[in-house]
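Take a look at the structure below.
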Amino acid sequence: MQQLRRNRRLRSNEAIRSLVREHTITPHDFLVPLFVVEGKGIKEEIASMPGYYRYSLDLLTNEVKELWSMGLKSVLLFVKVPDDLKDNKGTEAINPDGLMQKAIKTVKEAAPGILVMTDVALDPYSSYGHDGIVDKGYIINDETCKVLAEMSLSHAQAGADFVAPSDMMDGRILAIRELLEKENFKQTGIMSYSAKYASAFYGPFRDALDSAPGFGDKKTYQMDFSNQDEAIKETLMDIDEGADIVMVKPGLCYLDIVRDIRDAVDVPVAVYQVSGEYAMVKAAAEKGWLDHDSVMLEQIMAFKRAGAHIIASYFAKDVIRILD
């Protein structure tokens, strides 16, 4: 029988490959994480994240302007809090003149049209390095949710467009949404870390913010990485409580979860390509064991193919430079 269908015809050159390509990457896909520190004139490379930096507020302005010029229009802010401001109550988290609140205003002044999302969790502010208030060695839930709601309100008052609770406390989305509504911040969105797993891939991030837990681990509130159906349950509950966007974290080892959630919900789905995933590519490339740019692009495309609408990635600038 003569072969009439030849799939390779659609792969024969770059012109036809690009014409029939199912997924593409653009600057609009990315949410860019930014690390902020106190001080002046600081652009400090993170040892375990080569090519990624902590910025003081004055140099954060330059970075934001560069992102905007590249077409990267959404950022996710994290702050490294001095040890003397950490406690077990999240006091500094709700300081209207705190580093996060100043960072929000700085970013908005540098690029008024940029979308600002903010990390909402207590670990950067905690003397214990945990995402909630600690009582007798246990991370207590409901009292933590109250502080997270106040923290979110403080971010909204400073000008944040979205708050991004990353703590995995039960009921925190409802607590945040109700307080924002009560205080007339009805347009402030919530991007919930709905399926955040207790992962070994977070190490470099904790180096970046000096936020490693001081005792134990985070398995009593972050999800067991053996579980799949639980991710759907957590996500649907967050949507019912008022989440506008839901997130899966980490990324590459959880592409099945991204697809499951994308198929189950009718809100945008984000994925976080976390610090350990970034560091592995950087380290292997430095050794000459793989081609940095090719692997980076392949991983980013995997997130798109799995169904992510939004990709939080430390590679965002690198990817856009290549695409340009």
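The values are calculated or read from the model by the stated rules, or taken from the named source; none is laboratory data. Predicted model only: the values in this text are computed from it and were never measured. Positions of Cβ are backbone-derived with ideal geometry, glycine not excepted, and every protein chain shown enters the neighbour counts. In case anyone asks, the SASA skips ligands and DNA or RNA and just uses the protein heavy atoms, side chains included. Shrake-Rupley method; radii C 1.70, N 1.55, O 1.52, S 1.80 Å.
Helix 255-264: angle to the longest alpha-carbon principal axis of the chain, degrees 0 to 90, nearest 10? That helix lies at roughly 80 degrees to the long axis. Set against the labelled values [x] 6, 26, 36, 22, 6, 3, 1, 0; [y] 6, 29, 36, 21, 7, 1; [z] 6, 26, 33, 24, 10, 2, 0, P(r) over Cα pairs in 10 Å bins from 0, in percent computed from this structure falls on [x]. Solvent-accessible area assigned to carbon and sulfur over region 1-159 amounts to 49 percent, based on a 1.4 Å probe.
Going toward the positive end of the dipole of region 52-206, with +1 on Lys and Arg Cβ and -1 on Asp and Glu Cβ, which of H130, V64, S192 do you reach last? Farthest towards the positive end: V64.
Please get the size of the charge dipole for region 133-201, origin at its Cα centre, with Cβ charges of +1 on Lys and Arg and -1 on Asp and Glu, quoted in debye to the nearest 20.
On the way: 7 positive and 10 negative charges, 25 e Å.
Result for region 133-201 is approximately 120 debye, rounded to the nearest 20.
State which entries of K182/K249; K65/K102; K105/K182; K65/K196; K102/K249 exceed 21 angstrom in Cα-Cα distance in the structure shown. The pairs that break the limit, which is 21 Å between Cα atoms, are K182/K249; K105/K182; K65/K196; K102/K249. Within straight-line reach of K304, meaning a Cα separation under 18 Å, sit the following aspartates and glutamates at least 8 residues removed in sequence or on another chain: E22, D29, D256, D260, D263, D266, E277, D293, D318. Computed over protein heavy atoms with a 1.4 Å probe, the accessible surface of region 1-144 works out to 53 Å² per residue. In straight-distance terms, cross-link reach from K186 covers every one of the aspartates and glutamates whose alpha-carbon lies under 13 Å from its own, apart from those fewer than eight places away in the same chain; here that gives D161, E178, D244. Note that region 214-287 presents 46 Å² accessible area per residue, ligands and nucleic acids not counted, probe 1.4 Å.
How tilted is helix 275-286 with respect to the longest principal axis of the chain? Cα atoms for both, answer in degrees (0 to 90, nearest 10). That works out to roughly 50 degrees. Cβ-Cβ distance of K65 and Q2, R₀ of 45 Å, FRET efficiency by 1/(1 + (r/R0)^6): the value works out to about 0.15.
Kindly work out what percent of the DSSP beta bridges joining two residues of the chain are antiparallel, to the nearest 5. If I count the DSSP bridges inside the chain, around 20 percent turn out antiparallel.
Quick one: net charge around L67, please, counting Lys, Arg +1 and Asp, Glu -1 for every other residue with C-beta under 11 Å from its C-beta.
Counting the neighbours of L67, the net charge comes to +1.
The length gained by stretching the chain between R321 and D224 to full extension, at 0.36 nm per residue less their Cα-Cα distance, is 31.3 nm.
Measuring only protein heavy atoms, the 1.4 Å probe finds R11 accessible over about 140 Å². With the highest mean first, a sort of the peptides 161-171, 31-41 on other beta-carbon atoms found within 10 angstrom per residue produces 161-171, 31-41. For region 259-324, the fraction of 1.4 Å probe accessible surface lying on carbon and sulfur atoms is 50 percent. What's the angle, to the nearest 10 degrees (0 to 90), between helix 292-306's Cα axis and the longest principal axis of the chain? That works out to roughly 80 degrees.
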